[in-house]
Amino acid sequence: GHGSSFFCDLGAGVYTVISTDGNNCTGTLENTIRNREGMNLQFETTESSCGGTNGTITVIAEDGVPPYSFRMNDGEFQAVNTFSNLGHGEYEISARDATGCEIGQELRVRSGISFADRVAPIIETNCAITGCHSGSQFPDFRSFKNIQDNASLIKTQVVTRTMPIDGALTQAEINDIVCWVDDGAPNN
């Protein structure tokens with residue numbers, strides 16, 4: 001009824017993002033804005049891999065009036081609640097119940113690139129070196145926080161090959177950095 005439409009307009013919902021990597025390690029991030037009456041949503045995502053398109057987003061709707069329908073970005077509403085073949089990046093997922101109540105959430109499908117395994121060695125070998133970002137030049141990339149704080153700038157400079165100075169990164173190394181930054185530059 002009108003009451004649940006009013007609550008829907010608040011954009012309330014329970015947004016739980018569960019990410020599972022290839023080793024079946026799971027991490028959960030929960031942001032709760034609970035509808036007292038009306039629909040609530042939970043989301044589960046799987047990683048895409050860097051440059052891959054095997055990511056998924058599954059939506060679980062509850063507390064609304066079935067049947068539910070779901071859409072991604074500006075696509076058509078559909079009965080199926082899983083979106084597959086997704087590359088890493090951000091997606092707007094919406095759900096609608098039988099009363100027309102509609103709520104949505106922006107979600108990130110991560111590539112799963114590990115900072116420790118893939119990005120840190122590139123930076124240590126090419127950037128945090130003598131005469132460069134090892135203390136003599138700002139920012140000091142021996143510090144993770146400085147790398148994280150400058151992640152978008154690092155991404156831009158490696159993509160345009162302005163950094164490192166000799167442009168020595170391989171395309172695979174550049175792709176790893178881009179995917180890690182697009183994942184939100186996590187300390188993983």
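The values are calculated or read from the model by the stated rules, or taken from the named source; none is laboratory data. Only a predicted model underlies this, so the values are computations on that prediction, with no experimental measurement involved. Heads up, the Cβs are rebuilt from the backbone with ideal geometry, glycines too, and the neighbour counts pull from every protein chain shown. Areas reflect the complete protein model, heavy atoms only, side chains present, ligands, DNA and RNA absent. Shrake-Rupley method; radii C 1.70, N 1.55, O 1.52, S 1.80 Å.
Over all distinct alpha-carbon pairs, what is the Kirkwood Rh of the stretch 145-188 in angstrom?
Values: mean 1/r = 0.0956 Å⁻¹.
Mean inverse Cα-Cα distance, inverted, gives 10.5 Å.
Give me the Kirkwood hydrodynamic radius of the stretch 103-188, using the inverse of the mean 1/r over all pairs of distinct Cα atoms, in Å to one decimal.
Values: mean 1/r = 0.0757 Å⁻¹.
Computed over the stretch 103-188, the radius equals 13.2 Å.
I want the local charge near Arg108. Using Cβ-Cβ distances under 9 Å, sum +1 for each Lys or Arg and -1 for each Asp or Glu among the other residues.
Working: positive: Arg110; negative: Glu90, Glu106, Asp182, Asp183.
Here the charged neighbours net out to -3.
Kirkwood-based Rg over Rh for the stretch 42-188 (C-alpha set), two decimals? Walk me through the numbers on the way to the answer.
On the way: Rg = 19.5 Å, Rh = 17.1 Å.
Using Cα coordinates only, the ratio equals 1.14.
Where only protein heavy atoms count, and the probe is 1.4 Å, what is the accessible area per residue for the stretch 82-188 in Å²? Show your work: numbers first, answer last.
Numbers: 5270 Å² over 107 residues.
About 49 Å² of surface per residue is accessible.
Could you give each residue of the stretch 180-188 its phi-based ³J(HN,Hα) in whole Hz, using Karplus coefficients 6.51, -1.76, 1.60 with θ = phi - 60°, and x for Gly or Pro?
Rounded to whole hertz, the list is 5, 5, 5, 6, x, 6, x, 8, 10.
For Ser134 and Ala172, calculate 0.36 nm times their separation in residues minus their Cα-Cα distance, and state this gained length in nm to one decimal.
Working: separation 38, 0.36 × 38 = 13.68 nm, distance 2.36 nm.
Contour length minus the Cα-Cα distance gives 11.3 nm.
Less than 14 Å Cβ to Cβ from Asn175, Lys/Arg counted +1 and Asp/Glu -1: what total charge do the surrounding residues give?
Details: positive: Arg118, Lys155, Arg161; negative: Glu173, Asp176, Asp182, Asp183.
Summing Lys and Arg as +1 and Asp and Glu as -1 gives -1.
Share of the stretch 46-155's accessible area from carbon and sulfur, percent, 1.4 Å?
Numbers: 2650 of 5600 Å².
Accessible surface attributable to carbon and sulfur in the stretch 46-155 totals 47 percent.
Each residue of the stretch 113-118 in order: what ³J(HN,Hα) in whole Hz does its phi give by Karplus 6.51 cos²θ - 1.76 cosθ + 1.60, θ = phi - 60°, with x for Gly and Pro?
5, 8, 4, 4, 7, 10
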